[in-house]
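Following: one structure in structure tokens, then a few remarks.
The values are calculated or read from the model by the stated rules, or taken from the named source; none is laboratory data. The structure displayed is predicted, hence computed values, not measured ones. Note: ideal-geometry Cβ built from the backbone for every residue, glycine included; neighbour counts use all protein chains shown.
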Amino acid sequence: MSTNLSANTSSSIREAYKQFLNTEDGARAYERFKHILYGPDDSLIQILNNNVLQCLSSVSADVLRVCDIGGGDGKRIKRILGFLHQKFALRFNLDFVEQSSTLMRMADVHEIEAFTEVRKLETLFENADLRGGYDLVFLIHSIFAFQDGSATVDKVLSLPNSRGMIVAVSNAKDSFLGGLKELLDASYGDNRFEIADLMRILENRALPFRQIPFETRWAVRKEALVQETGAILNWLSLGRYEDLTDGRKGDVCQYIRENSLDLGQRIVFSEDEVIVLIWQPGQPNRSLGYSHFGRVPEVGRKE
Ligand SMILES: C[S@@+](CC[C@H](N)C(=O)[O-])C[C@H]1O[C@@H](n2cnc3c(N)ncnc32)[C@H](O)[C@@H]1O
């Protein structure tokens with residue numbers, strides 16, 4: 001694999017992303033990144049659980065069928081199912097799809113096995129043989145390497161049952177990290193599949209969806225700035241930050257300075273993220289199914 005970012009125009013960011021996540025370095029880089037942005041209690045999962053999934057309390061089935069696409073090391077889906085189990089006494093059938101054998105090895109599901117039947121599928125989602133009929137389908141920061149966006153989205157859309165919900169989480173268009181990715185990915189021959197690409201496909205298909213924006217904020221002490229931004233850049237560049245040209249590194253540093261808040265001892269960062277909820281069009285119980293989300297703040301509702 002080429003390690004020279006400046007001469008990378010023929011290589012694919014989507015392939016590089018999947019390969020990096022299939023290494024110990026990649027798994028560590030992502031874990032470190034998550035810890036910086038979301039903290040040890042994972043603020044993203046707290047938002048999902050408390051602001052979105054809690055509103056599903058009146059789901060009528062006792063056993064929910066769940067699919068987690070690109071589940072990584074499984075920590076997040078364990079937190080989600082643990083929450084729903086403790087709060088609503090639900091049980092689950094989980095299909096856990098992950099292309100990285102490194103991350104799949106780390107995905108220890110024994111903590112949820114008392115209330116969850118788990119089927120692990122170590123494969124690309126595009127190739128996964130899935131049962132369908134799910135109540136919940138999760139895509140948590142896992143759409144970026146979808147190979148053929150449109151066909152892959154069609155496969156995702158085919159998965160929920162008639163009352164089911166797809167829950168996709170990603171950085172928002174024009175977010176802080178979105179801008180960094182643009183700088184870091186410039187020399188690849190393709191782009192990551194982003195949330196705007198997903199929403200464009202949904203709009204073209206006239207499918208109902210709802211966006212729930214949220215903000216992830218974090219701060220670093222000035223003395224740790226180089227180390228912490230280095231960890232973020234290491235993840236976003238897929239371990240190749242050091243291979244960037246000096247000019248590109250200068251652009252990245254300037255971008256970070258211009259898009260953060262210097263409070264003297266600490267530098268504050270903010271990332272705009274979005275939860276996209278997608279459901280089946282024309283389902284008979286739709287008003288019932290979605291009244292649960294009445295309390296969720298929303299923008300850009302489409303129906
Ligand atoms: C950024 S990580 C997120 C992991 C987890 N959802 C989380 O939030 O911690 C993206 C994950 O999606 C997986 N992934 C990306 N594209 C995939 C695909 N086409 N099929 C299966 N897994 C995929 C990667 O291997 C990686 O584990």
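The table that follows gives values for the structure above.
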| item | result |
| --- | --- |
| From the options K18, K78, residue that is over 18 Å from I143 (Cβ atoms), assigned to a helix (DSSP H, G or I) and basic (K, R) | K78 |
| Residue satisfying all of: in region 60-77; aliphatic (A, V, I, L, M) and surrounded by fewer than 18 Cβ atoms within 10 Å (Cβ to Cβ); modelled with the lowest pLDDT among these | A61 |
| Search result, residues across region 202-252 that are closer than 22 Å to H141 by Cα and among the aliphatic types (A, V, I, L, M) | L202, L207, I212, A219, A231, I232, L233, L236, L238 |
| L44 being among the hydrophobic types (A, V, I, L, M, F, W, C), out of contact with any His (no Cβ under 7 Å at 6 or more places or on another chain) and more than 23 Å from L157 (Cα to Cα) | yes |
| Residue match in region 159-168 (condition: part of a loop (DSSP other than H, G, I, E, B) and within 15 Å of the ligand (Cβ to nearest atom)) | yes |
| Pair list, Cβ under 6 Å, 6 or more apart: region 65-76 residue in contact (Cβ under 8 Å) with a residue 12 or more places away in the chain and near the ligand (Cβ under 7 Å from one of its atoms), other residue polar (S, T, N, Q) and assigned to a loop (DSSP other than H, G, I, E, B) | I69/S142; G70/S142 |
| First in region 129-158 and farther than 21 Å from E15 by Cβ, second anywhere and part of a helix (DSSP H, G or I) and small (G, A, S), Cβ under 6 Å, 6 or more apart | none |
| Residue list for region 134-154, filter: near the ligand (Cβ under 10 Å from one of its atoms), more than 18 Å from V274 (Cβ to Cβ), of a type outside the set (V, I, T) and buried (at least 17 other Cβ atoms within 10 Å of the Cβ) | A145 |
| Subset tally (residues that are surrounded by fewer than 19 Cβ atoms within 10 Å (Cβ to Cβ) and part of a helix (DSSP H, G or I)) for region 81-101 | 7 |
| The lone exception for Q99 - which of (1) out of contact with any strand residue (DSSP E or B) (no Cβ under 6 Å at 6 or more places or on another chain); (2) away from the ligand (no atom under 11 Å from the Cβ) it fails | (2) |
